[in-house]
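S.K.: Pasting a structure here, questions to come.
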Amino acid sequence: MYVASTEILGHLLEARFESWWRKSLRVDGREVAAKRGIGETSLTIDLSDHDDKPHLVEVVFTAGMFSYKVRILIDGACVEELTMTSKPPVVGVCRHCGYALKGLRPENDEIQCPECGRHSAAPKT
């Protein structure tokens, strides 16, 4: 998985390039958009600033030969371009929100995260 994160309009925005060409976008730890696609892919969301003024935020994923980049546009203007870095999965932590899953009982080889409610594979013992 490759990840790029930044603060936009007072929110933590995280762009992820995952396996099988899945690209996802998280705002303040919650997944808000996802899409599969080869080549340049765009995800668009509405996001409010500190004054509750809505803005159109577009995140454009670009895959190069040896790097992955994201371009962030707010209301059509490019505000930031980031290079994605490799982020290995952490064992014992929810792969969706980062919540520590230590001590939770697996069910059907999965653990349900009490923070976000999503399922992660249980660690092999």
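S.K.: Residue under question is THR83, and the condition is that it be in contact (Cβ under 8 Å) with a residue 60 or more places away in the chain and of a type in the set (S, T, N, Q); does it hold?
M.R.: Yes.
S.K.: For TYR99, only one of the following conditions fails: (1) loosely packed, with under 12 Cβ neighbours inside 10 Å; (2) free of Cβ contacts under 8 Å to residues at least 40 places away in the same chain. What is its number?
M.R.: (1)
S.K.: Here are ARG95, ARG71, ARG16: which of them is within 19 Å of CYS113 (Cβ to Cβ) and either in a strand (DSSP E or B) or not assigned by TED's automatic domain parsing to the domain that holds PRO123 (or both)?
M.R.: Details: ARG95 fails: either in a strand (DSSP E or B) or not assigned by TED's automatic domain parsing to the domain that holds PRO123 (or both); ARG71 fails: within 19 Å of CYS113 (Cβ to Cβ).
So the residue among ARG95, ARG71, ARG16 that is within 19 Å of CYS113 (Cβ to Cβ) and either in a strand (DSSP E or B) or not assigned by TED's automatic domain parsing to the domain that holds PRO123 (or both) is ARG16.
S.K.: Can I ask one more? Give just the number: which of (1) surrounded by fewer than 13 Cβ atoms within 10 Å (Cβ to Cβ); (2) in the same structural domain as THR6 (by TED's automatic domain parsing) does ASP49 not satisfy?
M.R.: Of everything listed in (1) surrounded by fewer than 13 Cβ atoms within 10 Å (Cβ to Cβ); (2) in the same structural domain as THR6 (by TED's automatic domain parsing), ASP49 misses just condition (1).
S.K.: Still on this model: Among (1) modelled with pLDDT of 95 or more; (2) of a type in the set (Val, Ile, Thr); (3) assigned to a loop (DSSP other than H, G, I, E, B), which single condition is VAL59 missing?
M.R.: The single condition VAL59 does not satisfy is (3).
S.K.: For the structure I just gave you, tell me whether LYS23 is among the charged types (D, E, K, R), at pLDDT 90 or above and surrounded by 15 or more Cβ atoms within 10 Å (Cβ to Cβ).
M.R.: yes
S.K.: Here's a follow-up. Restricting the search to the stretch 74-125, which residues are of a type in the set (S, T, N, Q) and at pLDDT 80 or above? Give the steps one after another, and end with the answer.
M.R.: First, the residues of the stretch 74-125 that are of a type in the set (S, T, N, Q): 83, 85-86, 108, 112, 120, 125.
Those that are of a type in the set (S, T, N, Q) and at pLDDT 80 or above: THR83, THR85, SER86, ASN108, GLN112.
S.K.: Can I ask one more? Looking for something touching a Pro at 6+ places or on another chain (Cβ under 9 Å) and of a type in the set (Gly, Ala, Ser) - is there at least one such residue anywhere in the stretch 18-33? Explain how you work it out, then say what you get.
M.R.: Of all residues in the stretch 18-33, those touching a Pro at 6+ places or on another chain (Cβ under 9 Å) come to none.
Taking every residue of the stretch 18-33 in turn, none turns out to be touching a Pro at 6+ places or on another chain (Cβ under 9 Å) and of a type in the set (Gly, Ala, Ser).
S.K.: Within the stretch 33-42, is there a residue that is touching a helix residue (DSSP H, G or I) at 6+ places or on another chain (Cβ under 7 Å), modelled with pLDDT of 90 or more, under 19 Å from ARG95 (Cβ atoms) and not in a loop (DSSP other than H, G, I, E, B)?
M.R.: Within the stretch 33-42, one or more residues are touching a helix residue (DSSP H, G or I) at 6+ places or on another chain (Cβ under 7 Å), modelled with pLDDT of 90 or more, under 19 Å from ARG95 (Cβ atoms) and not in a loop (DSSP other than H, G, I, E, B).
The values are calculated or read from the model by the stated rules, or taken from the named source; none is laboratory data. If you're wondering where the values come from, they're calculated on a predicted model, not measured in any experiment. Positions of Cβ are generated from backbone atoms using ideal geometry, with glycine treated the same way; all protein chains shown enter the neighbour counts.
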